[in-house]
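Inspection log for the structure reproduced underneath, given as C-alpha cells.
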Amino acid sequence: MSALLQVIRNTKVADILLLQEVSREALVHLLEDAWVQQYWYTSDADFSSFGTQKFATVTLLSKLWIANHDVSLGGLWRIPLPSRFGRDALCCDLVFNASSKCALGKHALRIRLINVHLDSLPINPSLRPQQLSLAASYLSAAGRGLIAGDFNTVLPEDETLISANKLIDGWAHLYPDDSGFTWGVYGTSPFPPNRFDRMAFWNVNPSTMTILKTHEVNGHDKMASEGAAEGLDMKVHFSDHCGLLCKVEWAEDQPPEQQRLD
C-alpha cells in the first residue's frame, strides 16, 4: 500500500481514488497513513464492508478538491451484486452546489461514482452482465456519473458489456487503436495481457486517460520450494494491475479546467 500511495502522490493531480482488492491489512495501512488522514476522505473506517471476503473496494476523495470546488458529499452506500464471490458496487454522490464553478447554470449538479470489482474467472453462466446492468441503472438514475474498476473481461462477450448498457468505454473511445492492457503486462503471468481495468461513463466525457505503471518492491514468494519452511524473498510488482488516471469533463460550453474530475 505504501508503494501505491507514493505513485498517487507523484501524480499530483489525482482527486478521486477508486481502489479494488483492498485487503484488511492494506486498509489498516491506508487509514493509519498520516497523508491520507490529512488530505483524504475514505469510504471505509473499519472492516464492516468485507463480510466473509478477503478484499473490498475503497473510495477516497480529496478534502482540498472538495473544498476548492464547493462540493457537498452526497450519499455513500453499497449495492449487493448477484455474485459468486460476494461482490458489491460502492456508490457515492458528489453534489456540485449551485455556487460552484463546476455546476451547470444556477442548479446544483450531481455526479455518481461507482467503484466495482466484477466477478472473476471465465465461469458460465457469467454474472458480469447482470452486475454491470444493475450498476448502470444506478448511474442513469443519478443522471451523470461513471463506473470504474476491475471488470474482469475474461470472456469474449465481456467486450460488449459497456456498450450494451449504453455507456461509453473511456479507453476505447479515446484510443481505439491502443490495446490499453492493464494486467499481465510484465510477462510474469501464464495468461496473455488483458484490459481488465475500465471506466464506463454516463453523460460525462473522458478527455484524457493514462495507464499508471507499477514498480518493483521487496516482496515474498508465497510458493515456497519443497522442503523449505518459508518462501523466497524477491522483487515483485506491488500490484498485478496497472492503474488508470482519467480526466472527466461535462458541459461543452465551459472551459475544461472549470468542470473537471481528475
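One table, with the values for the structure above:
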item: Exposed GluC sites (Glu not before Pro) absent - longest run of the chain, DSSP non-H/G/I/E/B, at most 16 other C-beta within 10 Å; result: 1-225
item: Kirkwood hydrodynamic radius (C-alpha pairs) into Stokes-Einstein, the stretch 102-228, 37 °C and 0.692 mPa s, D in µm²/s; result: 196
item: Residues with amide H under 5 Å from that of TRP183, placed H, sequence gap 5 or more; result: ASN194, PHE196, CYS242
item: Of every Cα-Cα pair in the stretch 1-84, the percent that sits beyond 22 Å; result: 28
item: Largest-first principal axis extents of the Cα set of the stretch 87-134 (Å); result: 49, 14, 11
item: Environment charge at ASP119 (Cβ cut-off 9 Å; Lys +1, Arg +1, Asp -1, Glu -1); result: +3
item: Neighbourhood charge, 11 Å Cβ-Cβ cut-off, centred on PRO129 and excluding it, Lys, Arg +1 and Asp, Glu -1; result: -2
item: Proxy reagent accessibility, fewest Cβ within 10 Å first, across THR59, THR11, THR52; result: THR52, THR11, THR59
item: Beta bridges by DSSP in the chain, antiparallel share as percent, to the nearest 5; result: 90
item: Rounded to the nearest 20 debye, dipole of the chain from Cβ charges on Lys, Arg, Asp, Glu; result: 700
item: Per-residue Cβ neighbour rank within 10 angstrom, fewest leading, TYR175, TYR138; result: TYR175, TYR138
item: The stretch 1-88, dipole about Cα centre (Lys/Arg Cβ +1, Asp/Glu Cβ -1), debye to the nearest 20; result: 220
item: Residue among LEU17, LEU155, LEU244 with the largest mean-square fluctuation in a Gaussian network model of the chain, springs linking Cα atoms under 10 Å; result: LEU155
item: Sequence-distant residues sharing a close amide H with VAL204 (under 5 Å, placed H); result: GLY145
item: Ellipsoid semi-axes in whole angstrom, largest first, where each is sqrt(5λ) of the Cα gyration tensor of the chain; result: 31, 22, 18
item: Sites LEU5 and LEU73 - FRET efficiency at Förster radius 25 Å, r taken between beta-carbons, to 0.05; result: 0.70
item: ³J(HN,Hα) computed for each position of the stretch 152-160 - Karplus, 6.51 cos²θ - 1.76 cosθ + 1.60, integer Hz, glycine/proline x; result: 6, 7, 9, 10, x, 5, 5, 5, 9
item: Descending principal axes extents, the stretch 71-111, alpha-carbon based, whole Å; result: 45, 14, 10
item: Qualifying lysines (Cα of each under 27 Å from Cα of LYS247; at least 8 residues distant if same chain); result: LYS12, LYS63, LYS101, LYS106, LYS166, LYS213
item: Under 14 Å, Cβ to Cβ, from GLY143 - net charge with Lys/Arg +1 and Asp/Glu -1; result: +3
item: Zone of VAL28's modelled label, taken as backbone nitrogen in the stretch 50-72 under 16 Å from a point 7 Å along Cα→Cβ; result: 50, 54-56
item: Debye-sum result for the stretch 43-130 in log10 I(q)/I(0), which assumes one identical scatterer on each alpha carbon, at q = 0.17, 0.18, 0.19, 0.20 Å⁻¹; result: -0.78, -0.83, -0.88, -0.93
item: Phi to ³J(HN,Hα) by Karplus 6.51 cos²θ - 1.76 cosθ + 1.60 over the stretch 175-186, Hz, x for Gly, Pro; result: 9, x, 9, 10, 4, x, 4, 10, 9, x, 8, 9
item: Dipole of the chain, positive end: most advanced residue of ALA34, ASN205, GLY187 [Cβ charges, Cα centre]; result: ASN205
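Values in this text are rule-based calculations from the coordinates and carry no lab data. If you're wondering where the values come from, they're calculated on a predicted model, not measured in any experiment. All Cβ positions, even for glycine, are placed from backbone atoms using ideal geometry, and neighbour counts span all protein chains on display.
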